[in-house]
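Trainee: Quick one: structure below, then a few questions.
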C-alpha cells in the first residue's frame, strides 16, 4: 500500500501539488514506515523472548519433577535392603540426595520395571569408584547385577583404576566382582561407620 501511495504521489501533475511538498510527504511516509517496522520487530523480539522464557520454565519444572521421581525411586530401592548388614543403604533423604548428586547413578530395569541401581563416581581422570550396585531382593540371582556391571565397566573401559567395596560376608557380590578381574586390596574395619568391615577391591588395566 505504501508503495502505491508513493507511486501515486510521484505521478501527480506538478501544477496540482508542489514538488517539494510531495518529497516532504514521501519522506514522512518513509519515516512512519521505518518506525512501524522497528515497532513490529521489537514486538516480535519480545514475543520470542517470552516463548523462550516459558520454554525454559517448563524445562526447569520437568527437570525438577524428574529429579523428585528419581529420588523417590532411589529411596524405595534402598529401603528394600536397609536391614541388610552387607549393603550400606542410603536410608535418609539427605544421604540419597548426596549419592545422586556426587555419583552417576543408573536405574536397572527388567521388563520395564525398575529393579535396582548401579552408580559410579570419577575420583580422577583415570580413577573411578563404583559407589553402589543393588538389586531388589525379589529379582536377585537372575544375572541382573552381572549385566549391569558389564554395562558400567564398558563405559569405564578407558579408566585405568576402578575401586569398589563390599562386605566380606557378601559372597555372591565378592564372587561377581572377582569374576570381572577385581582383586582384594585391603580390609577396612567399620568402613562406613556402621560397625561392619568392608573389603576394598581394585581392578586395574
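Trainee: In nm, give the distance between the simple-model label positions of residue 150 and residue 76, each being 7 Å from the Cα along the Cα-to-Cβ direction.
Mentor: Modelled inter-label distance: 2.8 nm.
Trainee: If each of residue 122 and residue 189 carries a label point 7 Å out from its Cα toward its Cβ, how far apart are those two points in nm?
Mentor: Between residue 122 and residue 189, the simple spin-label model gives 3.7 nm.
Trainee: At what distance in nm do the modelled label points of residue 31 and residue 204 sit from each other, each positioned 7 Å from its Cα along Cα→Cβ?
Mentor: Taking the simple label geometry, residue 31 and residue 204 are separated by 8.2 nm.
Trainee: How big is the gap, in Å, between the Cα center of region 65-81 and the Cα center of region 135-205?
Mentor: 22 Å
Trainee: Provide the gained length on full extension for the span residue 138 to residue 158, in nm with one decimal, where the gain is 0.36 nm per separating residue minus the Cα-Cα distance.
Mentor: Numbers: separation 20, 0.36 × 20 = 7.20 nm, distance 3.36 nm.
Roughly 3.8 nm would be gained on extension.
Trainee: Using Cβ contacts closer than 10 Å as the measure, can you line up 144, 118 from fewest to most? Mind showing how you got there, number by number?
Mentor: Numbers: 144 19, 118 23.
Sorted ascending by nearby Cβ count, the order is 144, 118.
Trainee: Moving on to the next point. At 0.36 nm per residue, minus the direct Cα-Cα distance, what do residue 57 and residue 102 gain on full extension? Give it in nm, one decimal, please.
Mentor: So the extension gain works out to 13.7 nm.
Trainee: With a 10 Å Cβ neighbour count serving as the proxy for reagent exposure, in which order, fewest first, do 122, 134, 75 appear?
Mentor: Placing the least packed residue first, the sequence is 122, 75, 134.
Trainee: Right, something else. Order these by the 10 Å Cβ neighbour count, fewest first: 126, 136, 60.
Mentor: 60, 126, 136
Read-outs throughout are calculated quantities, based only on the coordinates presented, and are distinct from any laboratory measurement. No experiment lies behind these values; they were computed from the predicted model shown. Cβ sites come from the backbone with ideal geometry, for glycine too, and all protein chains shown count toward neighbours.
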